[in-house]
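**Student:** Quick one: this structure, given as structure tokens, is what I'll be asking you about.
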Amino acid sequence: MIEMRQDPTTRNWVLVGHTGGDSGQKEALDGCPFCPGHEAETPPTLASIPGPDGAWRVRAFPDRMPVFQVEGELAREAEGLYDRMRNVGAHEVVVETPEHATTLARLPAEDIARVLQMFRQRIRDLNNDVRFRYVQVFKNQGLLAGSLIPHAHSHLVATPVIPRRLEAELRWSKYHYDLKERCLYCDIVRQEVEQGTRLVERQADLVAFCPFAPRFAYEVWIFPAIHAHRFEDLDDAALARLAVLLKSVLLRVERRTPDYHMVLHTAPNEKSPPIWGIAWESLPHDFHWHIEVLPRQVEVTRLHREEEFYVNPVTPEQAARQLRDTPAG
Ligand SMILES: [Zn+2]
Ligand SMILES: [Zn+2]
Ligand SMILES: [Zn+2]
């Protein structure tokens, strides 16, 4: 049993408890479960995008050991001053290519565009569920980034809460807009283009640059130069242009460090109930979608990513009991 608990001192939601999943099954599988012909070894397909030959090029299905469960109500309840709720959400896997030994960056741009189309399709679909406030799209490439299966894939996680880093971005971009009536991200992009010292690449209506205060070496942010708050509004032509730039940026990053996280930051689900301090109706003006590429290197692996949900398999009740039972000397 796993549940979400809120830390009242930071307002962070933490997942506490065991997934109770079939963790032993992964080792028992023969070969790679993400390769064509092994579809029966994963949960059933939710959506797929075929190539010209009719066979799937991109495939999405529910994660085998989801941290979040689709069924049920949020059942938010109090325990004294504390708040808890059920781990309602969705966790999906997107296999990015039928080829086993390649990376997203090495795929042809048309195939990368298909992966982006799948992200768009799944975000739109999951946002029809008003219980979900946010759909996170992220990719962990390489062992340092925590990827266990080498076959190129990414994750979608729909949650009833907004991830911490995104919430900070939303609050500060709204603050900037309230003060200046300008989008913070448009201002950043304009300055990066003007200064040029942190610019990595510019293509069509897209800009890639190293952020002013990067958390990781070779961290790159990709923005549309023209203001837009939702990634999922992009049409096929825009996704095709993004695929070309993304490929180029990821190839550069891979040469420096093969292990990286990629995170898509788009607007929250505007159909869900708003949260304190963030007005959904101002999102079209004050938020600006983007992609962050966060390389991992050995020296910094002890640091964790801010936007991740902390998943703690040991409840504090168990921990306290065990610590009490553990002699101190
Ligand atoms: Zn494979
Ligand atoms: Zn903007
Ligand atoms: Zn961001």
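The values are calculated or read from the model by the stated rules, or taken from the named source; none is laboratory data. Because the structure is predicted, anything quoted here is derived from the model rather than measured. Counting neighbours? That spans all protein chains shown, and the Cβs are built from the backbone with ideal geometry, glycine included. For the accessible areas, the whole protein counts, side chains as well, though only heavy atoms, and no ligand, DNA or RNA atoms are used. Shrake-Rupley method; radii C 1.70, N 1.55, O 1.52, S 1.80 Å.
**Student:** Which strands (runs of 3 or more DSSP E) sit wholly inside the range 184-247 and have at least 2 residues that are open to solvent by 40 Å² or more (accessible area, probe 1.4 Å) and not aliphatic (A, V, I, L, M)?
**Tutor:** 199-203
**Student:** May I ask you to list pairs of residues, at least six apart or on different chains, whose Cβ atoms are under 7 Å apart, with the first in the range 255-283 being buried (at least 20 other Cβ atoms within 10 Å of the Cβ) and the second being among the hydroxyl-bearing types (Ser, Thr, Tyr)?
**Tutor:** Sorted first by the residue in the range 255-283, then by its partner, the pairs are PRO268/TYR134; ASN269/TYR134.
**Student:** Going through VAL58, VAL16 one at a time, which residue ends up being modelled with pLDDT of 95 or more and assigned to a strand (DSSP E or B)?
**Tutor:** None of the other options fit; the residue is VAL58.
**Student:** Consider PHE34 carefully, then state whether it is surrounded by 12 or more Cβ atoms within 10 Å (Cβ to Cβ) and modelled with pLDDT of 85 or more.
**Tutor:** The answer is yes for PHE34.
**Student:** Same structure, new question: Could you grab me the full set of residues in the range 156-183 that are within 17 Å of VAL137 (Cα to Cα) and open to solvent by 30 Å² or more (accessible area, probe 1.4 Å)?
**Tutor:** ARG164, ARG165, GLU167, listed by residue number.
**Student:** Hey, can you tell me all the residues within the range 108-147 that are touching a helix residue (DSSP H, G or I) at 6+ places or on another chain (Cβ under 8 Å) and of a type in the set (Val, Ile, Thr)?
**Tutor:** ILE112, VAL115, ILE123, VAL135, VAL137
**Student:** Which residues, counting only those in the range 149-181, are away from ligand 3 (no atom under 16 Å from the Cβ) and touching a Leu at 6+ places or on another chain (Cβ under 6 Å)?
**Tutor:** Within the range 149-181, ALA152, ALA158, PRO160 meet the criteria.
**Student:** Another question about this same structure. Determine which single condition ALA243 fails, assuming it passes every other condition in (1) at pLDDT below 95; (2) closer than 23 Å to ALA113 by Cβ.
**Tutor:** Among (1) at pLDDT below 95; (2) closer than 23 Å to ALA113 by Cβ, the lone unmet condition for ALA243 is (1).
**Student:** Under 6 Å by Cβ, and 6 or more places apart or on different chains, what pairs join a residue from the range 173-192 that is over 15 Å from CYS210 (Cα atoms) with one that is of a type in the set (A, V, I, L, M) and open to solvent by less than 100 Å² (accessible area, probe 1.4 Å)?
**Tutor:** Partner pairs satisfying both residue conditions: SER173/LEU184; HIS176/LEU184.
**Student:** Which of the strands (runs of 3 or more DSSP E) contained wholly in the range 64-139 include at least 1 residues that are closer than 30 Å to PRO295 by Cβ?
**Tutor:** Correct list: 90-95.
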